[in-house]
There are 2 protein chains.
Amino acid sequence: GLANRGAPRWRILQRDWSIRVSVLHRVTPPDSGYAAMSPKITGELLRQLRQAMRNCKYFSEPIQAYIVPSGDAHQSEYIAPCDCRREFICGFNGSAGTAIVTEQHAAMWTDGRYFLQASQQMDNNWTLMKMGLKETPSQEDWLISILPENSKVGVDPWIIAADQWKNMSKALTGAGHSLVAVQDNLIDAVWMERPERPSTQLRALGLDYTGMTWQDKITVLRAKMTERKITWFVATALDEIAWLFNLRGADIEYNPVFFAYAIVGMNTIRLFVDLKRLYDPALRNHLQLDSPSKPELSIHTFPYESVYTELQAICAALSPKDKVWICDKASCALTQVIPKAHRTPIPYTPLCLAKAVKNATEIQGMKMAHIKDAVALCELFAWLEKEIPKGTVTEISAADKAEELRSQQRDFVGLSFPTISSVGPNGAIIHYRPLPETNRTLSMNEVYLIDSGAQYVDGTTDVTRTVHFGTPSAFEKECFTYVLKGHIAVSAAVFPNGTKGHLLDSFARAALWDSGLDYLHGTGHGVGCFLNVHEGPCGISYKTFADEPLEAGMIVSDEPGYYEDGSFGIRIENVVLVIPTKPKYNYRNRGSLTFEPLTLVPIQVKMMNTELLTQKERDWVNEYHRKCREVVGAELERQGRKDALEWLIRETQPIV
Amino acid sequence: GLANRGAPRWRILQRDWSIRVSVLHRVTPPDSGYAAMSPKITGELLRQLRQAMRNCKYFSEPIQAYIVPSGDAHQSEYIAPCDCRREFICGFNGSAGTAIVTEQHAAMWTDGRYFLQASQQMDNNWTLMKMGLKETPSQEDWLISILPENSKVGVDPWIIAADQWKNMSKALTGAGHSLVAVQDNLIDAVWMERPERPSTQLRALGLDYTGMTWQDKITVLRAKMTERKITWFVATALDEIAWLFNLRGADIEYNPVFFAYAIVGMNTIRLFVDLKRLYDPALRNHLQLDSPSKPELSIHTFPYESVYTELQAICAALSPKDKVWICDKASCALTQVIPKAHRTPIPYTPLCLAKAVKNATEIQGMKMAHIKDAVALCELFAWLEKEIPKGTVTEISAADKAEELRSQQRDFVGLSFPTISSVGPNGAIIHYRPLPETNRTLSMNEVYLIDSGAQYVDGTTDVTRTVHFGTPSAFEKECFTYVLKGHIAVSAAVFPNGTKGHLLDSFARAALWDSGLDYLHGTGHGVGCFLNVHEGPCGISYKTFADEPLEAGMIVSDEPGYYEDGSFGIRIENVVLVIPTKPKYNYRNRGSLTFEPLTLVPIQVKMMNTELLTQKERDWVNEYHRKCREVVGAELERQGRKDALEWLIRETQPIV
């Protein structure tokens, strides 16, 4: 469906690759069973859940508390409707939150972004636990304070990560309780009409899109395993599995992935997926299911659910020196199947890193996708200029128009995330998404911020532009110019090979800081190629995490911003490619890197106070606009989009 | 004694607050028992050590391996001669290295800086384990590969940190061995003529130097403890204890500290120190030992060695809810006295943070110290200009002259670290210290780098200047100018309250990166006030660590550099004070910070390619030089140092 209307169902974990990862929230569509902000009636549901907790059918003894985390079994950022269990039990549909139900209590922990929303969506059966406030106990402390001695706390081991399990278990054990794995999910047990797990049609991508056969990807993976003396690799992240097999699905909105697991050994490949999806002869051929070229490249397929027993069987046959790689964010259930002596947890997998470094074909595809995306946006802005004076364009209709224009481009699949289309004060709400009740009309008097992107078969886009259709104020221009200076400082940065992305974050802020301004989100996230718009292991953020150094072929976003509460929001986002560069010297032969913008949409000159720009910055703007005009102009011409071409030419006049 | 001659004995742990922490090595004085680079004969020593390992007098059973780490019982960066146990047993006197002796083997692990030196200083009894090479086993793996089943590996629990113990113990236990604490140090048992632990005279600092009584510091500490529900605090770092009690010693060269422990409860204060040191009535009065003002501010003194039994006694009387704070880098011995349920390890203590934020009196003292230090350096440079043409000044004599000039200043105590005085190619060796065999003559043809500092009763200094006494090459000037741009970028940076130092590191490198250059050390370290020249918890480095945000009153160094192997080294270092600043706006009322240089020594204009500087940078240089001239000029005039004043005035002419 169209973004902002109908059925968008997604959510976000705490990975925080980007501004959106941490700030957006899934909004229940207005046509769902209850109004967005009225509480869900949960008395009967809780009664049933507590009955299940006492029922020895699910666990050998009654359990005194049951934890319902947010998340699915694959560490997904966005989740499918069937995995929205925490929302189902308490009514709160924000992206972050954990519910815990005991015999007497039901409590839900969430952070400051959601205090109001959660308090409106949950009924009196629930206590809202406001994380970040001093008086709010942690989940562990709260459980310990209310549980009777020697209690059992249950959780579905498939949706709790191994490290979270460890921490919770330690705290509970220390207080005389125990954390127990309840294999059947108790929410599912009481969830009548729970949606089915999606099983959409799979799409095989040829070499012209992927640049590398899945067979070669397996060979490279095995070489990495050999290098580290690893005998088995368990893949649980959906985008990694999609990338590895050059397959795409549509199981989760905005993410072209499909529910699956994979286990790769040195001579065997096991793929766990709804087997019905593999009936298609073309797919069978792609995967060489019926006539593998070599025995070690033969894929053995198993039902999705059998990953547990298969992994058990593999682990039962391990030799003493065998080591199994699994991501440390994988589910507790799968992780614990692997005996500790054989388990080698890693912060991100070799697939995650290999996927991040795009090959020449993927880079070419990403460039093509961004040109098509720019065509759609040039059309949009030209259209907005004409329509806005009529007073008929709203945040929602502008977003719809953007989607419509994108859908006209070749190989369009869908949006890569729900469009943020925001006018004036709505732009200052970083996690804003227009709803019918907040929908504002675009005008000549307010700043308009649109952050949007699409999935094309050849690549994924993500672009933010901030524009004014009338006359921006001096302060708006000043802030925009600082944000632009930060954007350029990152985009034009030259840095040695081996530099981690977090070392570039302050470049994006220096101009804002100089004037006492800042923005409270990271500067960039990795972008997949016809895959998730947010991917690891790299990013540009003040928060340091286990990120790998940037290397040529990686693709990240560059999106500094400034948000003036109650007034306007500014963000300038390009997707940029890490490329080698040759400055004057080459210290210790390390080589240098810089960025090449893939996004080619003009940055509004009207919003700039060009006096605040240095000559270098002005040169950057002019060269960027020259390239937009040349590359996107040619495509607009080819597509016969005259209005947009005219707009592009006007918007890319050099500045002095 | 003078730096670079005689008895400097210091060493460095891996803390890496600064360039020097990671790169310097202690050099055996030429007048010691063996030439710096001839191996120590260790056969007999090893025989005695192995005998001790078998002797059940030291441990209830024979031990099969004995680990000798570098370090003392206080996590000190520099150590006293009596603590140089690893050097004693193997001969290698670099700053980093761990020796392990078994019945059959003796091996010593060190890193790439020391491969050559270690191979020259150790005899055939020792195997050099080159850390960082793929084929080199870890200490754990090596032990496991050679030990007979069920072996005991001994270590002195006082000189191994709690976390290191934990890792080693886990690895050994996993392989069927055990790590055991041998309370008597076995090196000491075979070390005839081991130097005594120093017990130098203590110096009490009055309010005019400290700005805060020790009583008030205790009160503030207790408030922090109350806030975190902590009942006891164990202080083990020597600079924290010196700071807390407003006392200084001279037990470790360059560091005005003294061997002691302290345990602070809510109503009691215990100080563990060689009691002879407290006979002085003035000291007794300072500490109010004989007539405490309030019972809870009465200090109970104990012998240094009794900290273990006293802490045991305290822990035996703990109530169930009592919590004890101890730094997670404290010794295993003391840490393990505290039962796990009561132990609250912290990455840095409240004293470490409190000490880092200087009060008005300390800031005033630091400013005074830096003015005196600048007087000495202006004199030095004026003198060098006259003497160098004669060809009689060497790296060592220049360093000696610097020390002599500093020693003429009021309240001079000693150097704050051994002077790095380096000419031409020696300047490119980051961890260089001039030795008679490397001593180079200063000339008109080579770049001279001097990194030096002193302890004054009112403050600690640390300054690096790079100068040319003839005509620098275009490349030398170009590199110097990039380093200067980096220095200015940090020094003039404006950043929000709450910013961590590591977020500023890239500012120091951007100009170098733009030209493909870089330097392989951090940008800055915390500086104590008449305390250690390197202190935590803050710094400016590309390596992220558990650093606290910068706040007004903190003092750090700003020292980017560039090193052209075999040719020259450049570093520009000022000590800078974090101060509040008020830019145009104040986003979310967070407030902004910037730096004020405390170091006031001209930066040589001759080395600058001013065309590469922006107008802002030229303004910064001119304003800095104006301040040097005004402030240091007045003091030079007061001291009647005409040559230096003339030099200062010439060197601070504005640039255009």
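Throughout, read-outs are computed from the coordinates displayed, never taken from laboratory work. Note that the structure is a prediction, hence the values are computed from the model and not measured. Cβ atoms come from the backbone with ideal geometry, glycine included; neighbour counts cover every protein chain shown.
Some values worked out for this structure:
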quantity	calculated
Zero-based 10 Å bins, Cα pair distances in the stretch A:429-514, whole percents	13, 32, 35, 17, 3
Shortest-first distances to equivalent copies, position B:Glu387, nm, label 7 Å out along Cβ	8.0
Nearest residue to the symmetry axis between B and A, taken on chain B by its Cβ, in whole Å	B:Thr544, 2
Solvent-free Debye scattering, log10 I(q)/I(0), computed from the Cα coordinates of chain B at q = 0.05, 0.11 Å⁻¹	-0.24, -1.16
Unit charges on C-beta of K, R, D, E only; dipole of the protein assembly as shown, Debye	880
Square roots of 5 times each gyration tensor eigenvalue, C-alpha, the stretch A:215-271, largest first, Å	23, 10, 9
Label-point separation in nm, A:Glu596 to B:Ile41, each point 7 Å along Cα→Cβ	6.7
Amide H contacts of A:Ala493 (H built 1.01 Å from N, under 5 Å, at least 5 apart or other chain)	A:Phe595
Sites B:Asp188 and B:Ser138, calculated FRET efficiency, Cβ-Cβ separation with R0 30 Å, nearest 0.05	0.65
From phi via Karplus (6.51, -1.76, 1.60), per-residue ³J(HN,Hα) for the stretch A:453-459 in Hz, x at Gly/Pro	x, 9, 9, 10, 4, 8, x
Ranked by how many other beta carbons lie within 10 Å on average, peptides B:490-499, A:610-619 from highest	B:490-499, A:610-619
On Cα atoms only, tilt of B:505-514 relative to the major axis of chain B in degrees	50
Lysines with Cα under 27 Å of A:Lys386, excluding same-chain neighbours fewer than 8 positions away	A:Lys372, A:Lys401, A:Lys477, A:Lys606, A:Lys627, A:Lys642
Between the stretch A:277-346 and the stretch B:498-523, the alpha-carbon center distance in angstrom	44
Crossing angle, helix A:162-174 versus chain A [Cα axis fit, 0-90 degrees, rounded to tens]	50
Average beta carbon contacts from partner chains per residue of A:503-509, 10 Å cutoff	4
Estimated inter-spin distance, A:Gln201 and A:Lys321, nm [label 7 Å along Cα→Cβ]	4.9
Fewest-first ranking of B:Leu449, B:Leu435, using other Cβ atoms within 10 Å as the exposure measure	B:Leu435, B:Leu449
Label-point separation, A:Gln120 to B:Arg626 (7 Å along Cα→Cβ), nm	5.6
Shortest-first distances to equivalent copies, position B:Phe302, nm, label 7 Å out along Cβ	5.9
Percent breakdown of C-alpha pair distances by 10 Å bin, ordered from the shortest bin, for the stretch A:326-426	12, 27, 20, 19, 15, 6, 1
5 angstrom amide H check on B:Phe302, placed H, neighbours 5+ away	B:Leu271, B:Phe272, B:Val273
Descending semi-axes in Å of the protein assembly as shown, equivalent ellipsoid built from Cα gyration tensor	54, 41, 31
Under DSSP loop assignment and at most 13 Cβ neighbours within 10 Å, longest chymotrypsin sites (Phe, Trp or Tyr not before Pro)-free interval of chain B	B:280-656
Compactness of the stretch B:267-411 as Cα Rg over 2.2 N^0.38 Å, two decimals	1.62
